[in-house]
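Read the structure below first, then the notes.
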Amino acid sequence: MKSKVAVGSGKWVNSAAEPLLLQNGGGAGDLPLAEAKESLLMVYLSTAIAVSGSFEFGSCYAFFGSILTVGAMIGAITSGRIADFFGRKGAMRISAAFCIIGWLSVLLAKNALMLYFGRFASGYGIGVLSYVVPVFIAEIAPKNLRGGLTTLNQLLICVGGSAAFILGAFVTWRKLVLLGLVPCLVLIFGLCWVPESPRWLAKVGRHIEFNISLQKLHGKEADISQEAAEILEYIETLEKLPKARVLDLFQRRYIRSVIVGVGLMVFQQIGGINGIGFYASETFVAAGFSSGKLGTILCGFIQLPITVLGAFLMDRSGRRALLIVSASGTCFGTFMAGASFFLKGQGILLQWVPMLALIGILVYISAFSIGMGAVPWVIMSEIFPINIKATGGSLVTLVNWFGSWLVSYSFNFLMDWSRAGTFFIYAAANAATVLFVAMIVPETKGKTLEEINESMNSRK
């Protein structure tokens, strides 16, 4: 039976007659340049508010360790369900509330138990944020800007972490708590001025609010009829399927999305980022520097501009190209660092060992920042159909946090075993990443979420 839906300014569109996958994506793409820019203001504002959560993520991660990761893994498990039940905005508000409780517990702590509770609460909050922020941005952004805007998630994580490290050198840790509270408050109050994800509103049947949200995101003069029909028809198709369970992820129609999402997070972590990042200072000292300050400062300085460059290239060169270049660079960087420790162990070219290790790690951090840091999160937010996005996204986020804990926990043990061997293992993992991306990962640049889901799920 053909159904009709209200879209735009009261128009009725025969949704069954509209093609499921459209070439233009509707909305702002059909407007003159000046009106198109005006229509994107709400998208930019919504993204700016959402990435306050990313800044919070970075500042927490730099400030805390260990038990925060445990809280984040639990947050990852529940993130999808929370985002589906309370909405994307509701999930971000809940996350910010947990982070505020965590920071205040740390600020007012009188004993170790309150400190542990505060770390755990903040960890839970950023575990949910790590899923919902990129998903929200991907669901509101036009296809030609989605990659770059979603990459802002990773950029603000870097900014938050860098701000925590820099300010931590000048203020007490209790004063540093204020750094974590500010983005939480920006997120909670800023969300009052931005619309909810129209795709989530359509999924839960709130069609009037769906139209209002989509119109706000594209501008009052934009014709949203085609895009609204596309989204609603796709949701209608998905609603005919049984409610998704964890085991449903391994059905043939979804398994490729799972392999891509989980695989990218596994390779992101086993390439060594959290071990190398957390223990960079100690690694530079082990290579022969008297202090690790110079190396860590250089790592911080190069990370931000290269992440910005990655965001600029995301919707131009494509996801796959960035991943392959990035993974190739991380492979080369870890191989150089491994070679420096091998030379030191053999007593060869000792005067060059510190510089070779420094260059290797700087190459690694630069290469990671341009692609492997952000692109897996972008692709995670794109590849799962909305009916299993909660389950699939939670699984992928949990794998990421578990990998983060495992790599950071094992790094010192590996370095005690063999410093050169540790970096050669990471180099091999990064080389395997190149093969995985080349053989398995699809290109999602320039496609609507519905187009991506259709192409992913139609492959047998």
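The values are calculated or read from the model by the stated rules, or taken from the named source; none is laboratory data. For clarity, every value in this text was computed on a predicted model and none was experimentally measured. Methodologically, a virtual Cβ is constructed for each residue, glycine included, from the backbone with ideal geometry; neighbour enumeration extends over all protein chains shown. Ligands, DNA and RNA are excluded from the accessible area calculation, which covers all protein heavy atoms including side chains. Shrake-Rupley method; radii C 1.70, N 1.55, O 1.52, S 1.80 Å.
Modelled with pLDDT of 80 or more, open to solvent by 40 Å² or more (accessible area, probe 1.4 Å) and of a type outside the set (Ser, Thr, Tyr): does that describe PHE136?
Numbers: modelled with pLDDT of 80 or more: yes; open to solvent by 40 Å² or more (accessible area, probe 1.4 Å): no; of a type outside the set (Ser, Thr, Tyr): yes.
Here the answer is no, as PHE136 does not meet what is asked.
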Subject >> The one condition in (1) of a type outside the set (A, V, I, L, M); (2) assigned to a helix (DSSP H, G or I); (3) crowded, with 22+ Cβ neighbours inside 10 Å; (4) in contact (Cβ under 8 Å) with a residue 60 or more places away in the chain that PHE210 fails to fulfil >> reply: (4)
Original post:
So which residues in the range 407-460 are among the aliphatic types (A, V, I, L, M), open to solvent by 40 Å² or more (accessible area, probe 1.4 Å), within 20 Å of GLY261 (Cβ to Cβ) and touching a Ser or Thr at 6+ places or on another chain (Cβ under 8 Å), if there are any at all?
Top reply: none
**OP:** Kindly indicate whether GLY271 is touching a Cys at 6+ places or on another chain (Cβ under 9 Å) and touching a residue at least 60 places away in the same chain (Cβ under 8 Å).
**Re:** yes
Original post:
Taking only pairs six or more apart or across chains, which ones have beta-carbon atoms under 6 Å, a first residue in the range 89-103 that is in contact (Cβ under 8 Å) with a residue 12 or more places away in the chain, and a second residue that is of a type in the set (Asp, Glu) and open to solvent by 10 Å² or more (accessible area, probe 1.4 Å)?
Top reply: LYS89/GLU196
Subject >> Contacts under 6 angstrom Cβ, first residue in the range 251-265 being under 11 Å from GLY393 (Cβ atoms) and touching a residue at least 40 places away in the same chain (Cβ under 8 Å), partner crowded, with 19+ Cβ neighbours inside 10 Å and small (Gly, Ala, Ser), 6 or more apart >> reply: none
Original post:
Out of SER59, SER79, SER39, which single residue is buried (at least 18 other Cβ atoms within 10 Å of the Cβ) and at pLDDT 80 or above?
Top reply: SER79
Original post:
Going by the structure shown, is GLY219 of a type in the set (Gly, Ala, Ser) and on the phi > 0 side of the Ramachandran plot?
Top reply: yes
Original post:
If you scan the range 170-187, which residues turn out to be surrounded by 19 or more Cβ atoms within 10 Å (Cβ to Cβ) and either under 24 Å from the mean Cα position of the chain (by Cα) or assigned to a loop (DSSP other than H, G, I, E, B) (or both)?
Top reply: VAL177, LEU179, GLY180, PRO183, CYS184, LEU187
Subject >> Any pair with Cβ under 7 angstrom, 6 or more apart, that starts in the range 307-327 at a residue that is on the phi < 0 side of the Ramachandran plot and ends at one that is among the polar types (S, T, N, Q) and assigned to a helix (DSSP H, G or I) >> reply: THR307/GLN154; THR307/SER369; GLY310/THR151; GLY310/SER369; ALA311/THR151; MET314/THR151; ALA327/ASN430; ALA327/THR433
Original post:
Does LEU217 fit the bill of being under 24 Å from the mean Cα position of the chain (by Cα), open to solvent by less than 10 Å² (accessible area, probe 1.4 Å) and farther than 18 Å from SER455 by Cβ?
Top reply: yes
**OP:** Would you check if ILE359 is in a loop (DSSP other than H, G, I, E, B) and open to solvent by 10 Å² or more (accessible area, probe 1.4 Å)?
**Re:** no
Subject >> Selection from the range 105-124 of residues that are in a helix (DSSP H, G or I), open to solvent by 20 Å² or more (accessible area, probe 1.4 Å) and either at positive phi or touching a helix residue (DSSP H, G or I) at 6+ places or on another chain (Cβ under 8 Å) (or both) >> reply: LEU107, MET114, LEU115, TYR116, PHE117, ARG119, PHE120, TYR124
Subject >> Test for GLY102: is it open to solvent by less than 10 Å² (accessible area, probe 1.4 Å) and at pLDDT below 90 >> reply: no
**OP:** Test ALA222 against the stated conditions and say whether it is part of a loop (DSSP other than H, G, I, E, B) and either touching a Pro at 6+ places or on another chain (Cβ under 9 Å) or more than 19 Å from ARG88 (Cβ to Cβ) (or both).
**Re:** yes
Original post:
Which of the residues that make up the range 83-99 are closer than 20 Å to LEU185 by Cβ and open to solvent by 20 Å² or more (accessible area, probe 1.4 Å)?
Top reply: PHE86, LYS89, ARG93, ILE94, ALA97, PHE98
